Amino acid sequence: MSIMQSSSTWRQSGAWQGGTVTAIALSPHFTTDQILLTATAAGLYRSLDCGQSWLAVRLEAGDAPLLAVDFAPAAPGEPLCAFAATQSGHLYRTDDSGATWQAVTGWTGLGVIQSLAISPNFAQDRMLFTATVEGVFRTQDRGATWESSTFGLLDLDILALACAPTFAASDIMWACGAQGGFYRSRNGARSWRDSGAGLPDTALQCLAVSPNFGIDQTLYLGTEDHGLYRSTDSGATWEPASADLAGHTLNCLAISPNGQTLLAGTEMGLWRSIDAGHHWAPAINGEFTALTLALAENNIALAGAYQDGIFISSDGGGSWQPLCSAPAVHAPPLTRFDAQGRIYALDIDGVLALSPDQGRTWEALNDQVAHEAVFVLELTSTGAASTVFCATATHLYHRLVDQSGSATWRSYLLPTAAALNVLALSSTYEQDQMLLLGDGEGNLYRTTTGGVEWLALDVPWAGEALLQLRCGPAYASGRSIYAVTTQLRGHSENAQRYALKLWHSPDDGATWAALADFQSATPSVVLTAPFDPVEQPLFLATENRLIKLFQPEGESAWAVTQHFLAATVRVISVYAADSAADQRTLYVTTNQGVYISHDDGVNWRSAAPELAQKTIVALACDSHGDPILAVEIGGTVYARSNSR
């Protein structure tokens, strides 16, 4: 039996730097405490030293990606409160500067938050506002209870919100819509009035308010395809702010505490104005797509970019450089290893990369697949050779790495125009050239010619989404294929529930039978089918549950057992080492590190204490079945120091 030695130690060996950063929030006292929070596709991160070091923030069950984060205003010496919103529709609050977070349960079921606005008088009025595709919501008790605030909104898809600096006295705030609506409220969002005279009919994406609003009544608004607009009458009327940005898309805006310096993230990079937005120039080294900007009193500026991580400026946004200490924040990423230890990684935005050296260096591969986004990835590997398959919207790409390490590419047209979501390779691909593709409409296709010709399979799950495919080992009785489908069943008191179904085909997809029905709070399932000619088992994991389906010796019926890890654990992947049932070792990667079991999931213990507080998405094992590499969500790679 393969058991990882107790003296094993794990150390970071590299990282796939970059990833998408969606929001950056500076502490109200940033110039003295240097605290900042960043929302990313891989989760929430916190720094106490202006970004020189970072800690991943643990949210409930590893909830990611993050869409928004913001600090509430606070007087010196007061505890810092902040809110963070996730893509899954959850809202979290911290009352200790971001060290610990609690779910705002009052928000449950109200939707996905696109942006936040917090009252400047939050310590007294406890008011927070959220922008969603169904309008604006507001709370007057720090999130305990909520009310819809849509009266007067004709455009409910709200992209940005802002409160006036004078909100405590004036109750003035503004909302920007995806369909071009601009609205002003004079009563704290109880009602709204269309206030966009002079604005173009396009998405209004970001808003900045002059810190001197009580005197100059000035607002700046970034649009899609029509540049920057300015209002000097509290948003009643608008005009183009500068010809320099005319015709461009603005993703984000930031304004300095004195109101003179403005930063704009556009599709052509980062731009800067030092005369209150009248004239603009490209920032030095600002050729990245900024999604969020923050500008502090001490001229420190930070930018979060699409796919490129975090950038920092020490001269008020005039020049920029990558923040080398920033965490890797690719998401998930989907990661595969070949027999030579090469790491293939695919993130949620369709970026594909390869590392030949345990994550120390990376090569982007999208330019080798017609510069397209990649949706699925799978590989098989024997000795020094490996076969990698990935698919874009139109083609299946086949990367063959031969014994010498030389790589060649081939491409084939896909059999479907629908977006792909699953890909499975036969366990004996070198002999039978079989792989399967599943699309977002639940259709399943099979090829036995490596992608040259395809056959649409007749499947029994019409109207259901195909979540997972797995080809089982080849036994004397044949080879099995397993599939998991889902449909949303409804809402429980605290979360939505998904009805999942496991299907089995004993004949390469020609016929199918339902094996099991189960429920989960998330449409996320992982499968593994280790070689075992006696039991022919399948292991299925969802949330903190591991289900084993097998055929007891001498019986044709399937048997089922299930076991649970701790309630806060969420299984991400499952690995089975060794072959015989009495020697099988299972590993699972989770939002709380790596666990090991020697009894098919009955008992579990931590397999890597150094990784216990990390969300691990993938493992690579050596020929003995011992883990030697682990990949954290975001793309940081860890290596075990005493592999055999």
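The values are calculated or read from the model by the stated rules, or taken from the named source; none is laboratory data. All values reported here derive from a predicted model rather than from experimental measurement. In this analysis, Cβ positions are derived from the backbone assuming ideal geometry, glycine residues included, and neighbour counts consider all displayed protein chains. Protein only, heavy atoms only, side chains kept; ligands, DNA and RNA dropped before computing areas. Shrake-Rupley method; radii C 1.70, N 1.55, O 1.52, S 1.80 Å.
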* Hydrodynamic radius of the range 580-625 per Kirkwood, over alpha carbon pairs, in Å -> 11.1 Å
* To do: Using only the Cα atoms of the range 188-306, each taken as one equal point scatterer with no solvent, compute I(q) by the Debye sum, divide by I(0), and report log10 of the ratio at q = 0.17, 0.19 Å⁻¹.
  => -0.80, -0.99
* Asked: Sequence-distant or interchain residues sharing an amide H contact under 5 Å with Leu44, placed H: which?
  -> Val57
* To do: Please report the relative contact order for the range 67-179, taking Cα pairs under 8 Å with a sequence separation of at least 6, and give it as a percent rounded to a whole number.
  => 19 percent
* Structure fact -> With R₀ set to 45 angstrom, the calculated FRET efficiency between the beta-carbons of Leu110 and Ser314, to the nearest 0.05, is 0.65
* Asked: Label Ala476 and Ala99 with points 7 Å out from Cα along Cα→Cβ: what is the distance between them in nm?
  -> 6.4 nm
* Report, please, the projected area of the range 429-565 averaged over directions, based on the convex hull of its C-alpha atoms, in nm². => 9.1 nm²
* To do: With the cut-off at 24 Å, report for the range 46-192 the share of all Cα pairs above it, as a whole percent.
  => 30 percent
* Structure fact -> Counting only protein heavy atoms with a 1.4 Å probe and every protein chain in place, the carbon and sulfur fraction of the accessible surface of the chain in whole percent equals 49 percent
* Asked: With every protein chain left in place, what is the accessible area of Asp349 in Å² (1.4 Å probe, nearest 10)?
  -> 50 Å²
* How many percent of Cα pairs in the chain exceed 42 Å? -> 30 percent
* **Prolate/oblate/rounded label for the range 6-121 (Cα gyration tensor, a/c 1.5)** => oblate
* Rounded if a/c is under 1.5, else prolate if a/b beats b/c, else oblate: with a ≥ b ≥ c from the C-alpha gyration tensor eigenvalues square-rooted, which is the range 323-433? -> oblate
* Asked: Label Thr449 and Ser556 with points 7 Å out from Cα along Cα→Cβ: what is the distance between them in nm?
  -> 3.6 nm
* Structure fact -> Once normalised by the length of the range 504-587, the mean sequence separation of its alpha carbon contacts under 8 Å that are 6 or more apart gives a contact order in percent of 22 percent
* Calculated Rg and Dmax of the range 549-644 using C-alpha coordinates, Å -> 14.5, 46
* To do: If a/c stays under 1.5 just call it rounded; otherwise compare a/b with b/c (prolate if a/b is bigger, oblate if not). Do that for the range 139-245, with a ≥ b ≥ c from the square roots of the Cα gyration tensor eigenvalues.
  => oblate
* Computed FRET value (nearest 0.05) for Ala123 with Ala418, which takes r as the C-beta separation and R₀ as 35 Å -> 0.10
* To do: State the extension gain, in nm to one decimal, for the chain segment bounded by Thr31 and Arg545, taking 0.36 nm per residue of separation less the distance between their alpha-carbons.
  => 180.4 nm
* Which FRET efficiency value, to the nearest 0.05, is calculated for Gln340 and Asp599 with the Förster distance at 35 angstrom and r the Cβ-Cβ distance? -> 0.60
* Structure fact -> Probe 1.4 Å, heavy atoms of protein chains only: per residue, the accessible area of the chain in Å² is 40 Å²
* Asked: With the contact rule set at Cα under 8 Å and sequence spacing of 6 or more, what percent relative contact order holds for the chain?
  -> 10 percent
* Structure fact -> Projected convex hull area of the range 116-176, Cα atoms, direction-averaged, in nm², equals 3.9 nm²
* Asked: Principal axis lengths of the range 265-320 from Cα atoms, whole Å, largest first?
  -> 30, 24, 16
* Structure fact -> With every protein chain in place, the accessible area of Trp101 for a 1.4 Å probe, in Å² rounded to the nearest 10, comes to 30 Å²
* Charge context of Ala82, other residues only, Cβ under 9 angstrom, K/R +1, D/E -1 -> -1
* Express in nm, to one decimal, how much length is gained between Glu297 and Gln433 on full extension, taking 0.36 nm for each residue of separation and deducting their alpha carbon distance. => 42.8 nm
* **Exposure rank, largest accessible area first [Glu239, Glu363; 1.4 Å]** => Glu239, Glu363
* For the range 63-117, what is Rg from Cα atoms divided by 2.2 N^0.38 Å, rounded to two decimals? -> 1.13
* Which distance in nm do the two modelled labels at Ala246 and Asp233 give, with both placed 7 Å along the Cα-to-Cβ direction? -> 2.3 nm
* So for the range 526-603, taking the charge dipole from beta-carbon charges (+1 Lys/Arg, -1 Asp/Glu), which of Ala541, Thr585, Phe531 sits furthest toward the positive end? -> Ala541
* Space enclosed by the convex hull of the alpha-carbon atoms of the range 238-298, per residue, Å³ -> 87 Å³
* **For the range 250-349: Kirkwood Rh in Å [reciprocal of mean 1/r, alpha carbons]** => 14.6 Å
* **Rule-of-thumb Rg ratio for the range 485-627 [Cα; 2.2 N^0.38 Å; N residues]** => 1.09
